[in-house]
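> Here it is: the structure, laid out below.
The values are calculated or read from the model by the stated rules, or taken from the named source; none is laboratory data. Bear in mind that the values here come from a model prediction, so they are computed numbers and not experimental data. Heads up, the Cβs are rebuilt from the backbone with ideal geometry, glycines too, and the neighbour counts pull from every protein chain shown. Note: areas computed on protein heavy atoms with side chains; ligands, DNA, RNA excluded. Shrake-Rupley method; radii C 1.70, N 1.55, O 1.52, S 1.80 Å.
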Amino acid sequence: TVPVEDIGSSGINAEYGGDADAVEKFIERVDGEFHLVMILEFLDESLVLLKRLMCWDLRQLIYVKLSVNNEYRTSVDPDIQERILEWNAIDLRLYNHFKAKLERLIEAQDASFHEEVAALKALNVNFWKECYSSGNALPVFNGNKIGYILAEDHKDNSTCKLLATDDVTQTHLIGMKQFKEHLPPSDILMVRNHMQNLKKYNPAMLGWSEVKNVLKSTTSESGNTDEL
């Protein structure tokens with residue numbers, strides 16, 4: 001753990017301190033290095049902008065929400081809020097800069113963009129309804145709704161399982177696929193234990209027994225949603 005008084009002494013805020021010119025140059029450099037900076041509050045809009053940059057199809061943007069808890073709220077003392085904002089002043093400026101830039105970019109889009117955003121939202125809703133059971137409460141762990149239960153007629157659907165699999169597991173699977181010839185048994189055991197533990201709370205995710213099939217499949221096969 002990091003003592004509260006030490007939180008502001010690390011990261012970008014410590015590196016640039018109170019040097020306003022250095023901060024502006026840093027933001028300008030970051031702005032020049034990225035074609036698009038996505039903001040979570042505008043996730044669907046950000047994804048459609050990315051789709052247009054990458055010439056993707058809307059079906060490649062389907063996503064599943066994990067570790068979402070809309071019921072739990074906590075309050076933070078105003079003094080603590082002020083200290084947090086002070087400690088993260090540069091991060092906040094960076095966020096505000098790209099948020100404002102993204103909002104301007106969204107406002108500049110034509111009607112077809114907003115039609116695509118609406119289509120993506122509808123596509124996701126239909127995917128969730130088809131893949132996952134709405135008759136059962138979502139699995140809950142430590143207050144977070146972290147997973148799904150597969151619909152009865154989609155229990156063998158690899159796409160539904162893959163998209164319900166958490167990002168840490170996905171990262172492990174990608175690494176295993178890229179470096180499977182060089183991985184020590186201890187790393188593979190770590191991934192197996194992680195997946196077996198998490199699947200207790202997220203029944204819809206990939207199981208360890210299915211990993212070999214995913215690793216052997218081609219990109220087109222693993223990303224194909226036609227079976228839906």
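> Do the alpha carbons of any pairs in Lys65/Lys155; Lys25/Lys65; Lys129/Lys212; Lys129/Lys177; Lys25/Lys121 sit beyond 26 Å of each other, and which pairs?
Lys25/Lys65; Lys129/Lys212; Lys129/Lys177; Lys25/Lys121
> Right, here's the next one. What FRET efficiency comes out for the pair Leu36/Lys129, r = Cβ-Cβ distance, R0 = 35 Å, nearest 0.05?
0.75
> For the pair Ser67 and Ile80, how long in nm is the line joining their label points, each one 7 Å along Cα→Cβ?
The modelled label-to-label distance comes out at 2.0 nm.
> Quick one: ranking Met54, Met195, Met38 by accessible area, 1.4 Å probe, largest first, what do you get?
Largest accessible area first, the list is Met54, Met38, Met195.
> How do 201-211, 96-106 rank on mean C-beta neighbours within 10 Å, highest first?
201-211, 96-106
> Along the range 33-38, what does the Karplus equation 6.51 cos²θ - 1.76 cosθ + 1.60 (θ = phi - 60°) give for ³J(HN,Hα), rounded to whole Hz, x for Gly and Pro?
8, 10, 6, 8, 10, 8
> Give me a comma-separated list of calculated 3J(HN,Hα) values for the range 112-124, in order, Karplus coefficients 6.51, -1.76, 1.60 applied at θ = phi - 60°, integers in Hz, x for any Gly or Pro.
Going residue by residue, I get 5, 5, 5, 5, 5, 4, 5, 5, 5, 4, 5, 4, 5 Hz, with x marking Gly and Pro.
> Just to be sure I understand the model, the point goes 7 Å from the Cα along the line to the Cβ. What's the resulting Asp167 to Leu183 distance in nm?
2.0
> Amide H of Tyr132: which non-local residues (sequence gap of 5 or more, or other chain) have their own amide H closer than 5 Å, using H built in the peptide plane?
Under 5 Å from the amide H of Tyr132 lie the amide H atoms of Ala151, each far enough along the sequence or on another chain.
> Could you provide, to the nearest whole Å², the per residue accessible area of the range 19-103 with probe 1.4 Å?
For the range 19-103, the solvent-accessible area averages 69 Å² per residue.
> Given a Förster distance of 30 angstrom, what is the FRET efficiency for Glu24 paired with Ala108, based on the Cβ-Cβ distance and rounded to 0.05?
Given R0 = 30 Å and the Cβ-Cβ separation, E is 0.80.
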